């Protein structure tokens, strides 16, 4: 089980989830992805879209200012 | 795992977002090969959507030149293309739309002599022709070689389409042979609303995309018919016909044949 990191704080919808999905597709089952997102659209949609497409949301934590870390298990 | 460029990720983002397409489906599209027979009312929208979606290789077959009367529905050809070969006009638009796609033009009319060689390399064939001899020829060639194809027909405000894959019912399971000459008017005699051609060609393109990504239920063993004037759609279940003369239990057609092309005294096309 490996943990990967992805920073999509510079991306905009829908590239935020597109990039997340591409990273997840490269990973093995049970691997974990830590995605750095800004609050607003990505913070709302990445967890929702990820669970809709069959990934498991492990948690969301505040990093600093408007940056959050979303942990997703494949 | 295929590596997409940043440009591809952006271009195909709406496909990549779909759970049923995603990275794997997009890779299948980019590796897919579709042949569009006729770049007219049906083939034009079909070619646009397949190209836009990133189907990697698209063959286009047409022997005609662009005529002013085509422009009302054959949306891949522009006024400035009048007199040009349809395959050249279409190739230019498709390459401009998506440089990822390899477009292979065949400036010819399909016959029993050349169809096997032309379809051999393709995964899926779209019948966008305007005459019965070509429709039966495409059906027969695809059934005999085990190719998937989409049949399409339009007239006035109506359209019909079905998809064949190896083992499913074929066009001859429903229609054994072409109707007598002039029993059914052609579009050039009866007229066709441009949007109706667009609707049907778009359904055919969608079937091709579904086939290539391997998701969903194709229009196999079903004939979809619609009337755009009432905007009513119906799907007729079709059973594989055991007596079908090409795919039944004792087929009498074992090699290709050419039916007489339609005789039309109107200005060509």
*Which one is surrounded by the fewest Cβ atoms within 10 Å (Cβ to Cβ), of the residues in the stretch B:170-185 that are in contact with a strand residue (DSSP E or B) (Cβ under 8 Å, 6 or more places away or on another chain) and more than 19 Å from residue B:46 (Cβ to Cβ)?*
B:185
*Across the stretch A:5-41, what is the number of residues that are more than 14 Å from chain B (Cβ to nearest Cβ), part of a strand (DSSP E or B) and surrounded by 14 or more Cβ atoms within 10 Å (Cβ to Cβ)?*
7
_Testing residue B:133 on (1) touching a strand residue (DSSP E or B) at 6+ places or on another chain (Cβ under 8 Å); (2) under 20 Å from residue B:61 (Cα atoms); (3) surrounded by fewer than 22 Cβ atoms within 10 Å (Cβ to Cβ), one condition comes back false. Which one is that?_
(1)
*Filter result for residue B:258 (within 20 Å of the chain's Cα centre (by Cα), surrounded by fewer than 17 Cβ atoms within 10 Å (Cβ to Cβ) and modelled with pLDDT of 95 or more)*: no
*In the stretch B:131-160, residue modelled with the lowest pLDDT [restricted to those that are more than 20 Å from residue B:206 (Cα to Cα) and in a loop (DSSP other than H, G, I, E, B)]*: B:131
*Considering the stretch A:61-74 alone, what residues qualify as being surrounded by 13 or more Cβ atoms within 10 Å (Cβ to Cβ) and in a loop (DSSP other than H, G, I, E, B)?*
A:74
*Filter the stretch B:40-54 for residues that are touching a strand residue (DSSP E or B) at 6+ places or on another chain (Cβ under 7 Å) and more than 13 Å from residue B:204 (Cβ to Cβ) and give the result.*
B:51
_Selected residue (criterion: surrounded by the most Cβ atoms within 10 Å (Cβ to Cβ)) from residues of the stretch B:24-62 that are touching a helix residue (DSSP H, G or I) at 6+ places or on another chain (Cβ under 7 Å) and within 14 Å of chain A (Cβ to nearest Cβ)_ = B:26
_Checking residue B:152 against (1) surrounded by fewer than 21 Cβ atoms within 10 Å (Cβ to Cβ); (2) in contact (Cβ under 8 Å) with a residue 40 or more places away in the chain; (3) touching a helix residue (DSSP H, G or I) at 6+ places or on another chain (Cβ under 7 Å), only one condition comes out false. Which one?_
(1)
*Count - residues of the stretch B:156-192 that are over 26 Å from residue B:251 (Cβ atoms) and more than 18 Å from the chain's Cα centre (by Cα)*: 8
_The lone exception for residue A:53 - which of (1) at pLDDT 95 or above; (2) closer than 15 Å to residue B:19 by Cα it fails_ = (1)
*Could we say that residue B:121 is in contact (Cβ under 8 Å) with a residue 60 or more places away in the chain, closer than 23 Å to residue B:256 by Cβ and in a helix (DSSP H, G or I) here?*
no
*Answer yes if at least one residue in the stretch B:15-23 is within 14 Å of chain A (Cβ to nearest Cβ), crowded, with 20+ Cβ neighbours inside 10 Å and within 15 Å of residue B:208 (Cβ to Cβ), and no otherwise.*
yes
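I'm trying to understand the selection: among the residues of the stretch B:214-237, which are closer than 27 Å to residue B:33 by Cβ and either touching a residue at least 60 places away in the same chain (Cβ under 8 Å) or surrounded by 14 or more Cβ atoms within 10 Å (Cβ to Cβ) (or both)?
B:214, B:215, B:216, B:218, B:219, B:220, B:221, B:222, B:223, B:224
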_Residue satisfying all of: in the stretch A:42-60; part of a helix (DSSP H, G or I) and out of contact with any strand residue (DSSP E or B) (no Cβ under 7 Å at 6 or more places or on another chain); farthest from the other protein chains (Cβ to nearest Cβ) among these_ = A:44
*Among the helices (runs of 4 or more DSSP H) confined wholly to the stretch B:1-111, which include 2 or more residues that are over 29 Å from residue B:141 (Cβ atoms)?*
B:6-11, B:13-17, B:22-31
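The values are calculated or read from the model by the stated rules, or taken from the named source; none is laboratory data. Being a predicted model, the structure only gives us computed values, none of them experimental. Positions of Cβ are backbone-derived with ideal geometry, glycine not excepted, and every protein chain shown enters the neighbour counts.
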